[in-house]
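The values are calculated or read from the model by the stated rules, or taken from the named source; none is laboratory data. Because the structure is predicted, anything quoted here is derived from the model rather than measured. Reconstructed Cβ throughout: ideal geometry from the backbone, glycine too, with neighbour counts over all protein chains shown. Areas reflect the complete protein model, heavy atoms only, side chains present, ligands, DNA and RNA absent. Shrake-Rupley method; radii C 1.70, N 1.55, O 1.52, S 1.80 Å.
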Amino acid sequence: MKPHYIAMAGLHGCMSNYSAAHDDYNSAVDDLVALHELGRNRAAQLRRDAYLELSLHRDGNEYAEVTECDCASPDDHSE
């Protein structure tokens, strides 16, 4: 089964507010960068670490994260 990548963002301790499945890692990162209007430095950190602490007041979420998944139904991850 081909892996896919899940772009997630939300509040700590809660189900994610945003979730979308992507075919590749870069697309998942680009999705979160656009969603939160991240600048170059924070976008690079998310791309490097697959995780970024956000500011709830500035970004609307507390974290952004990309995870790899190999389940049989990638569409189940998208809202």
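A few remarks follow.
- Of all residues in segment 1-15 being assigned to a loop (DSSP other than H, G, I, E, B) and touching a residue at least 12 places away in the same chain (Cβ under 8 Å), the one that is farthest from residue 50 (Cα to Cα): 1
- Selection within segment 56-70: residues that are assigned to a loop (DSSP other than H, G, I, E, B) and open to solvent by 40 Å² or more (accessible area, probe 1.4 Å). The member of this set that is nearest to residue 13 (Cα to Cα) is 62.
- Residues that are open to solvent by 40 Å² or more (accessible area, probe 1.4 Å) and within 10 Å of the chain's Cα centre (by Cα), drawn from segment 23-42: 25, 27, 30, 35
- Counting residues in segment 30-47 that are in contact with a strand residue (DSSP E or B) (Cβ under 8 Å, 6 or more places away or on another chain) and assigned to a strand (DSSP E or B) gives zero.
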